[in-house]
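The values are calculated or read from the model by the stated rules, or taken from the named source; none is laboratory data. All figures in this text were calculated on a predicted structure; none of them were measured in a lab. Neighbour counts run over all protein chains shown; Cβ positions are idealised from the backbone, glycine included.
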Amino acid sequence: MNHFYFKDNHLYAENFLVEDLAKEFGTPLYIYSKNQILKNYREINQPLVNSKLDFINCYAIKANSNPEILKLLAEEGAGAEVASGGELYLALKFGYLRNKITFTGVGKTDEEIEYALRENIFNFTVESLQEIKVISEIAHKLGVIARISIRVNPDIDAKTHPYITTGMKENKFGIDSKDIMEVFKTANGLPNIDVIGIHSHIGSQITEVNPYIEAVKYLGELIQKVEKIGINIRYINFGGGFGVQYKNILTHRYIPTEEDETSRYSPLGEHVESVIKMLSAYNKKLVIEPGRSLVANAGILVGKVLYTKQGEVKKFIITDTGMNDLMRPCLYQAYHQVVPTTLKDTGFETVDIVGPVCETSDFLATKRSIQVMERGDRFAVLTTGAYGYSLSSNYNARLRPAEVLVDGDKHYLIREREKVEELHY
Ligand SMILES: Cc1ncc(COP(=O)(O)O)c(C=O)c1O
């Protein structure tokens, strides 16, 4: 996260004082670093380019679908992984080529399928036989061929939070190993269906390469079996899920160090390289779908302390930034580092940093050691560029935050703060 840093005890976003941006645009405020996004993208993309493998790097736009961020990655040559008709609309509107758009999801509606077929996107990742049959019928009605990749559930433990693991038997995603060959056979015999690939996304926030290696091995074996029954697999898609560091992102003598149970964060390039090595042998076109790893550490959420309150058993820092602005702590007990935007030598105290929403689960951090915060102080919640704004809501009729993109010494308001009049649309 080197585009967010402390200088003279003040937090900067590229060349801007975060305090200045917060004064100009108010809080809560998402701030993104353009150069960090580009750095992340290139770190993942370069090993693929170097490998000479034929590949499509599809940004999982659910991570952050701000139009300017979408445009930025489309201009870099990224494709898009979309999970709804709405995301497909955004991808098309903001510059992604149809032949680089892949549509995933266990519950695509008939209307969404028809929309995607009419737009002639390159691939549907399919998650059940029933869905494949529906796609076949709609494609037949439209007189087109649907290209599909079948998502397999390899029952691999990605060693991540249970809510973001997707490749195990008990998850709703993909088709179980025991049924997969039957599904390939049936799909291959359906009209207007071209089975082009195989897909596996085993989860998110995977910090080690081993689960990927296991998944790629599994896919290699499966491809051999599928090709034996006469199906020509042309694409191998291993999804996204590369993990990022959330703890101890910014360090300073006025910021306490947290214990980090993750033994090692494999650098992005290393994740990709380990998989590339194995994949080259399969001689297939490769698709990856990174989301978090492209944008998470390129964003911070800035808030302001409204009140401090000493309860009987703990102290609360009550802020203007709630679970509607950043859902991850309450949804997955996710950890985000919280740092004051101006560091002071006050010593540390342990507090719960909470929002104003009427829910006990409305917190940014619990039992967190931080410098003494007072009314009016600002703070930044780090690594919030992914699944931050995109998971935000109007709960409690709160207004979604503004979003600003910084690029060296230029900054752009890339989404205005919602206005109260917009709440009744
Ligand atoms: C099918 C699929 N691909 C890609 C992603 C992106 O994952 P990540 O943001 O962890 O890279 C997801 C996330 O849920 C997904 O479901």
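Output the qualifying pairs, or none if there are none: Cβ atoms under 7 angstrom, residues six or more apart or on different chains, first residue in segment 292-311 and closer than 14 Å to Tyr246 by Cβ, second residue among the β-branched types (Val, Ile, Thr) and modelled with pLDDT under 95.
Between residues of segment 292-311 that are closer than 14 Å to Tyr246 by Cβ and residues that are among the β-branched types (Val, Ile, Thr) and modelled with pLDDT under 95, the close pairs are Arg292/Val244; Ser293/Ile44; Ser293/Val244; Ala296/Val244; Asn297/Val244.
Kindly establish whether Leu73 is in contact (Cβ under 8 Å) with a residue 60 or more places away in the chain and among the aliphatic types (A, V, I, L, M).
Taking the combined requirement at face value, the residue satisfies it.
Of the numbered conditions (1) in a helix (DSSP H, G or I); (2) touching a Ser or Thr at 6+ places or on another chain (Cβ under 8 Å), Ser136 fails exactly one; give the number of that condition.
(2)
Does segment 176-204 hold any residues that are within 16 Å of the ligand (Cβ to nearest atom), in contact with a helix residue (DSSP H, G or I) (Cβ under 6 Å, 6 or more places away or on another chain) and either part of a loop (DSSP other than H, G, I, E, B) or outside the structural domain of Pro154 (by TED's automatic domain parsing) (or both), and which are they?
Ser200, Ile202, Ser204
Somewhere in segment 226-240, is a residue within 16 Å of the ligand (Cβ to nearest atom), closer than 26 Å to Tyr5 by Cα and either touching a strand residue (DSSP E or B) at 6+ places or on another chain (Cβ under 6 Å) or assigned to a loop (DSSP other than H, G, I, E, B) (or both)?
No, segment 226-240 contains no residue that is within 16 Å of the ligand (Cβ to nearest atom), closer than 26 Å to Tyr5 by Cα and either touching a strand residue (DSSP E or B) at 6+ places or on another chain (Cβ under 6 Å) or assigned to a loop (DSSP other than H, G, I, E, B) (or both).
Condition (residue is within 24 Å of Asn396 (Cα to Cα) and either outside the structural domain of Arg417 (by TED's automatic domain parsing) or in contact with a Cys (Cβ under 8 Å, 6 or more places away or on another chain) (or both)) applied to segment 322-339: is it met by at least one residue?
Looking for residues that are within 24 Å of Asn396 (Cα to Cα) and either outside the structural domain of Arg417 (by TED's automatic domain parsing) or in contact with a Cys (Cβ under 8 Å, 6 or more places away or on another chain) (or both), one finds at least one in segment 322-339, hence yes.
A quick yes/no check of all residues on (1) assigned to a helix (DSSP H, G or I); (2) surrounded by fewer than 17 Cβ atoms within 10 Å (Cβ to Cβ); (3) away from the ligand (no atom under 16 Å from the Cβ):
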residue	(1), (2), (3)
Ile276	yes, no, yes
Ile300	no, no, yes
Ile317	no, no, yes
Leu331	yes, yes, no
Val351	no, no, yes
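If you check Leu294, Leu286, Leu306, which single one turns out to be within 25 Å of Tyr335 (Cβ to Cβ), within 16 Å of the ligand (Cβ to nearest atom) and not in a loop (DSSP other than H, G, I, E, B)?
Leu294
Is one or more of the residues making up segment 79-93 surrounded by fewer than 21 Cβ atoms within 10 Å (Cβ to Cβ), assigned to a loop (DSSP other than H, G, I, E, B) and more than 12 Å from the ligand (Cβ to nearest atom)?
No, because not a single residue in segment 79-93 is surrounded by fewer than 21 Cβ atoms within 10 Å (Cβ to Cβ), assigned to a loop (DSSP other than H, G, I, E, B) and more than 12 Å from the ligand (Cβ to nearest atom).
Given (1) more than 16 Å from the ligand (Cβ to nearest atom); (2) of a type in the set (Asp, Glu); (3) assigned to a helix (DSSP H, G or I), where does Glu112 come up short, assuming only one miss?
Result: Glu112 fails condition (1) only.
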